[in-house]
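The values are calculated or read from the model by the stated rules, or taken from the named source; none is laboratory data. Bear in mind that the values here come from a model prediction, so they are computed numbers and not experimental data. Backbone-built Cβ (ideal geometry, glycine too); neighbour counts: all protein chains shown.
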């Protein structure tokens, strides 16, 4: 039977994954293990202690607390068939999954099985880029899916998941651009909604050409950024 590692608390103040891991830990399901990623940050209800844990993978043997922790997490993940990493966002209607690396097709299928509608390819130094078959689940605090029992039941149901089967296709995106708070203050983008096409007039202010969609708009979990921009993949 395939083995799954469920990670909560890569960002210590995002509650869903932490609560899901607590519930799964008490259930003792043989094909499911859990990991509380940034233990110090979880105890302090902070995003991180020294550095954003999800920006320092694959980690270091010697370094900051998060760099050392990333190295240990990366090594632990190699013993599992799939890794599911939970996150939250304050941005409404922003439910999605993240995958990365050079081979992410099975992680995309896992996202489909878990009933995610949108998947984003990330190529920056996050857990998805380095851990094989890793799916990060991003759930809005206002979403109906911001529900511990909903995800615990989904994870228990993973015994039915077969990555060799065909699953419903989803819309795929790639992460392209970060908008800083300074850019928002300068240009003002007041009417954006997650996964809705950005008006051309706003793209011109940023010097961008093409079709982009915003995510994580005005997310208080990331006070240093105003939003991220993504592009659809064919």
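General observations
- Residue check for residue 99: on the phi < 0 side of the Ramachandran plot, in contact with a helix residue (DSSP H, G or I) (Cβ under 7 Å, 6 or more places away or on another chain), in a strand (DSSP E or B) and surrounded by 17 or more Cβ atoms within 10 Å (Cβ to Cβ): yes
- The lone exception for residue 195 - which of (1) part of a loop (DSSP other than H, G, I, E, B); (2) modelled with pLDDT of 95 or more; (3) under 17 Å from the mean Cα position of the chain (by Cα); (4) at negative phi it fails: (4)
Residue-wise test of (1) closer than 25 Å to residue 142 by Cα; (2) over 19 Å from the mean Cα position of the chain (by Cα); (3) assigned to a loop (DSSP other than H, G, I, E, B).
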residue	(1), (2), (3)
20	yes, no, no
23	yes, yes, no
40	no, yes, no
47	yes, no, yes
58	no, no, yes
62	no, yes, yes
66	no, no, no
76	no, no, no
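- Breaking point among (1) touching a helix residue (DSSP H, G or I) at 6+ places or on another chain (Cβ under 7 Å); (2) closer than 18 Å to residue 139 by Cα; (3) in contact (Cβ under 8 Å) with a residue 40 or more places away in the chain, for residue 82: (2)
- Residue list for region 123-133, filter: at pLDDT 95 or above and in contact with a strand residue (DSSP E or B) (Cβ under 7 Å, 6 or more places away or on another chain): 126, 127, 128, 129, 131, 133
- Criterion applied to 75, 19, 105, 39 was being over 27 Å from residue 197 (Cα atoms), free of Cβ contacts under 8 Å to residues at least 24 places away in the same chain and out of contact with any strand residue (DSSP E or B) (no Cβ under 7 Å at 6 or more places or on another chain), and the one residue passing it is 75.
- Output for region 215-234, where each listed residue is in contact with a helix residue (DSSP H, G or I) (Cβ under 9 Å, 6 or more places away or on another chain) and surrounded by 11 or more Cβ atoms within 10 Å (Cβ to Cβ): 218, 225, 226, 227, 229
- Residue 148 surrounded by fewer than 20 Cβ atoms within 10 Å (Cβ to Cβ), at pLDDT 95 or above, more than 30 Å from residue 60 (Cβ to Cβ) and over 16 Å from the mean Cα position of the chain (by Cα): yes
- Residue in region 18-34 that is closer than 18 Å to residue 126 by Cβ and touching a helix residue (DSSP H, G or I) at 6+ places or on another chain (Cβ under 8 Å) present: no
- Criterion (free of Cβ contacts under 8 Å to residues at least 40 places away in the same chain, farther than 17 Å from residue 219 by Cβ and not assigned by TED's automatic domain parsing to the domain that holds residue 119) met by exactly one of 187, 150: 187
- Residues that are over 25 Å from residue 79 (Cα atoms) and surrounded by 17 or more Cβ atoms within 10 Å (Cβ to Cβ), drawn from region 117-140: 118, 139, 140
- The condition (being over 20 Å from residue 118 (Cβ atoms) and in contact with a helix residue (DSSP H, G or I) (Cβ under 7 Å, 6 or more places away or on another chain)) is satisfied by just one residue among 212, 187: 187.
- When 223, 163 are screened for being in a loop (DSSP other than H, G, I, E, B) and at pLDDT below 95, only 223 passes.
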